[in-house]
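Visitor: Structure incoming, see below.
The values are calculated or read from the model by the stated rules, or taken from the named source; none is laboratory data. Quick caveat, the model's predicted, so the values are computed rather than measured. Note that each Cβ is placed from the backbone with ideal geometry, even for glycine, and that neighbours are counted across all protein chains shown. Note: accessible area is taken over every heavy atom of the protein model, side chains too, but ligands, DNA and RNA are not part of it. Shrake-Rupley method; radii C 1.70, N 1.55, O 1.52, S 1.80 Å.
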Amino acid sequence: MSEGYIQPNLSHGLRIWWAFFWRTTLAATVLTIATTVALRRIYEDAEGPTYVSAHIIVPLMKYDQYLFTYGIGLLVMAYILRKNFHHFRIGLLSHFGTEAPHILRPTAWRTIRVWWT
């Protein structure tokens, strides 16, 4: 194993999960509520200059929560992969056929792969 490597346990997993969960949930909820209120006001003001068809409003109101949750989730995951937790941090390692692993930078593609997993 690498020098400084610690075997993750339940406490580490819960800290990582909580750091991801509360940020993502709070931001996505606030944005979803704000978007829903704004879209309803736009739709109810059908007589005014901002007339928007229900064919546009309904899908936006139906899928905005998913878009916000996934988008913010990716941003928060990128943050977590760079965050120093108390006594540990997440490291992306690769062997690439060598004996000693080397640290990989958390790029956008790697962040997506970790988030999807």
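Visitor: Using alpha carbon centroids, what distance separates region 63-98 and region 1-43, in Å?
Guide: First find each Cα centre; the distance between them is then 10 Å.
Visitor: Please state the relative contact order of region 1-103 as a whole percent: Cα pairs under 8 Å, 6+ residues apart?
Guide: With pairs under 8 Å counted, the relative contact order is 27 percent.
Visitor: Net charge near R89: determine it from the other residues with C-beta under 14 Å of the C-beta of R89, scoring Lys and Arg +1 and Asp and Glu -1.
Guide: Surrounding charge for R89 is +4.
Visitor: In region 78-117, carbon and sulfur make up what percent of the accessible area (probe 1.4 Å)?
Guide: C and S atoms contribute 60 percent here.
Visitor: Just reorder W116, W22 by solvent-accessible area, largest first, 1.4 Å probe, all chains present.
Guide: So, going from the largest accessible area down, we get W116, W22.
Visitor: What's the extension gain from L26 to R89 if we count 0.36 nm per residue and subtract their Cα-Cα distance?
Guide: 20.4 nm
Visitor: Also, I was wondering about something else. Taking volume of the Cα convex hull per residue in Å³ straight from the coordinates, which label in [x] 129; [y] 103; [z] 93 is the correct one?
Guide: The listed entry that was calculated here is [x].
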